[in-house]
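As structure tokens, the structure follows; a few thoughts come after it.
The values are calculated or read from the model by the stated rules, or taken from the named source; none is laboratory data. Fair warning: this is a prediction, and the values are worked out from it, not measured in the lab. Every residue, glycine as well, gets a Cβ built from its backbone with ideal geometry; the counts of neighbours run over all protein chains shown. The protein model used for the area step is the full one, side chains on, heavy atoms only, and it has no ligands, DNA or RNA in it. Shrake-Rupley method; radii C 1.70, N 1.55, O 1.52, S 1.80 Å.
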Amino acid sequence: MNQASHKTIIALAVTTLMIGILNLFNEYGSTSEQLIFSQAAQYLHLLLCVMIIIALFKLYQKTSNTPQQNPDINKLTQELSQQKFALDQHSIIAITDIKGTITYVNDKFISISEYSEDELIGKNHRILNSGSHSSDFFRNMYLTISSGKVWKGEIQNKSKSGKSYWVDTTIVPFTNNAGKVSSYIAIRTDITQRIKDASNLLKAKEDAESADLAKGEFLANMSHEIRTPMNGILGMLGIIEKTELNPQQKKHLELAQNSARTLLTIINDILDFSKIDAGQLQIESIDFDLRKLIDDFAASQAIRINEKNLELIVDTRKVLISHVKGDPVRLQQILTNLVSNSLKFTNKGEIKIKAALHDSGESGLILYCSISDTGIGIPKNKQSNLFDLFTQADSSTTRQYGGTGLGLSISKRLCTLMDGSISLHSEEGSGSRFYFSIQLKKSTQESHIKPESDIKDLHVLIVDKNDSYRLALKKQLVLWGANVTTACNANNALSKIHTARLPGGHPVNLVITDLNLPDMSGVELMKSIRFSFTEKISLAITTQISHQFDMSLISDSGFQFHITKPITTESLLNLLSDYKNPSKQKKEAPVQDISHIDKAKTHINNTKSILLVEDNLINQEVAKTLLEDLGFHVCIASNGLEALDILRAKPNKFDLILMDCQMPELDGYETTKAIRRSEAGEAVKHITIIAMTANALKGDKEKCINAGMNDYISKPVDPELLKEMLSL
């Protein structure tokens, strides 16, 4: 072994020993010393790698044609070869002098650069410059390594063929005996695919955001374009309805209105689903009375349900707290979709709404609700995808039941948006039951629902042919403390009243009976009670909301109370209050003559003047007629510029402005901002401005408010909602 080989082996051994000593010091040194020892060990480790490569390179040169005689040299050669092989499999390595001239490259460097070794050795490293990095980038790199510090970063290089590639690079400076930097070793890893994947991911993200933006803009335009003519159609039909029509014309008008409302329902379903899909639907969190919402909803559905001779049952006895925080509109939308679905597939029996409110800790509440029916049921093989888009249990072209199939899909997505879920249990021929849950929050107006007076001494007899109805009403009254007996017909009721009068019994104080019983009418039952029993028994009769009940029957048969079905919590509480306080009993209000309502207009100050800013001619006519019928003076501007001119000319004429948002020349947002900037004069700077627009997406109301408007109403305009808004 020659002297150079001995020196190489000694240098390798000394370097390895120094790394071991530094690691040992690192375990026992202070924090600052540990940092120094660790950095020194890293430098020596890199030096060791370089020395191995150089030593092996020289050893190969000197021994390539000479048989190896010394076993130590053979072993060292083998170890060096293995270490170099391992290093070459992972890293792209090059050594340069301080001017950047390449003095060594490994095979991976040659492979990725596409240059031969001869083409690289002696050339400046700038041969790989891709031109992608600034001069400051390389200046900072040079300042770092020339000061003896390690530089790390990602560099884009260019191969011989012009192909770009990325490398994760660590450049380590080496110093000579005088302590000056004499060369640099660069160890790189190919990260081209990673950079490409990241770039593709970023592009996909940008494309998705662009698609969402386009989808949102399309949805906004579609919402406006669809709602605008629908506002005209429904508005004009409403105007015609107030004119003198013969019976046939009234019938045709009614059919046209029903068709228009059906079309609007379908349009709203499609737009709602699109809004959810585009992330444009906003879930509110406002205070509302949960019990009242369910009661009012049930009352609104009762006429439709009664028209099919179905019983509507409401069970809210487990809703013990009235006021909550959430989105009442979307909750009612879920209820509407599910009840409409049940009504569509149920021809006899009942539909039942059951709700329960559970505490979920701290400020949280969970509403569990079920809608069950006695309809045709849903086959098992149709249930798994029933909540999918445009899916129905009967999807054939000859199907008996109409609809888009969107209602259930929208309900599922609304439940998800409100951190809830929806599910189904159904058997073909045995009806269906939909369950859903949503998250609500506790309200500061929280109040528990119970009768004003103690009813523990009250014995109530419920008489009704419907088992579910009797059970629901009984459970609610028992929950409040009453003693309750039920009967399925009049004869059974009379028998139970008699039994309750026997010694040890608790006489019946209040009878709640349906008007229509299997064996006799509720009126006849009450007459029998009055004739057969001398003690005072209070009598209440229940009828369907659609039934035209003759109030004179109360005096003829002895009724004190009349309640319409479905019996809600509020109506039941009112009944108990009237029973306990007969002097405060509320008399049923006489039916109003609707023909006088529009003429009276007593609730609105008919001296008010409104500036209507609207570009659509049909909507101008609809809104003008509607507002004039409400007693307002109306002036019309076809766009924002015209509105500003009118306000400047007549600064004290108008009490408020109804502002469309999308108009030519100057839209409603910019017009409002101009008014707030006093561009129409100081006198109207603070005038009330209400947006009346077909834009009804997430953020549209906020956009109106941010522009300076005071309130917002969407098209098609609900005349009652507009009337209420303008009355405030």
message = Please compute the length gained on full extension between residue 101 and residue 710, using 0.36 nm multiplied by the number of residues separating them and subtracting their Cα-Cα distance.
response = 212.0 nm
request  = Taking all pairs of distinct Cα atoms, average 1/r, flip it, and tell me the Kirkwood hydrodynamic radius of the stretch 109-169 in Å to one decimal place.
outcome  = 12.6
inquiry  = Along the Cα→Cβ direction, 7 angstrom out, place labels at residue 416 and residue 688. What is the inter-label distance in nm?
reply    = 4.1
query = Tell me, what is the FRET efficiency for residue 211 and residue 163 to the nearest 0.05, using R0 = 30 angstrom and their Cβ-Cβ distance as r?
reply = 0.45
ask   = How much length is gained if the chain between residue 252 and residue 520 is pulled fully straight, taking 0.36 nm per residue apart and subtracting their Cα-Cα distance, in nm to one decimal?
value = 92.5 nm
remark   = Dividing the mean separation of Cα pairs under 8 Å (6+ apart) by the residue count of the stretch 266-353 yields a relative contact order in percent of 38
key: R0 of 60 Å, Cβ-Cβ distance residue 721-residue 134: FRET efficiency to nearest 0.05   = 0.50
task = With a 10 Å radius around each residue's Cβ, average the other Cβ atoms per peptide and rank 309-321, 700-712, highest first.
result = 309-321, 700-712
task = Output the relative contact order of the stretch 418-572, whole-number percent, from Cα pairs under 8 angstrom with separation of 6+ residues.
result = 16
query = In what sequence, highest mean first, do 232-244, 496-508 appear when ranked by Cβ atoms within 10 angstrom?
reply = 232-244, 496-508
task = Describe numerically, in nm with one decimal, the distance between label points set 7 Å from Cα along Cα→Cβ at residue 270 and at residue 124.
result = 6.7
task = Within the stretch 288-326, which residues have the backbone N less than 17 Å from the label spot 7 Å out from residue 574 along Cα→beta-carbon, could you tell me?
result = 291-303, 314
task = Skip the ligands, DNA and RNA, and give the accessible area per residue of the stretch 442-529 with a 1.4 Å probe, whole Å².
result = 47
ask   = For the stretch 414-485, what is Rg from Cα atoms divided by 2.2 N^0.38 Å, rounded to two decimals?
value = 1.60
note = Of all C-alpha pairs within the stretch 615-728, those more than 16 angstrom apart amount in percent to 57
request  = Could you size up the charge dipole of the stretch 273-384 around its Cα centre, putting +1 on the beta carbon of Lys and Arg and -1 on that of Asp and Glu, and report it in debye to the nearest 20?
outcome  = 480
ask   = How many nm is it between the label spots at residue 677 and residue 368, if each spot is 7 Å from the Cα in line with the beta carbon?
value = 5.8
remark   = The FRET efficiency for residue 381 and residue 641, from their Cβ-Cβ distance with R0 = 51 Å and rounded to 0.05, is 0.25
key: Contour excess over end-to-end distance, with Cα ends at residue 201 and residue 475 and 0.36 nm allotted per residue   = 92.8 nm
note = Given Cβ charges of +1 for Lys and Arg and -1 for Asp and Glu, the option among 201, 185, 147 whose Cα lies farthest towards the positive end of the dipole of the stretch 123-204 is 185
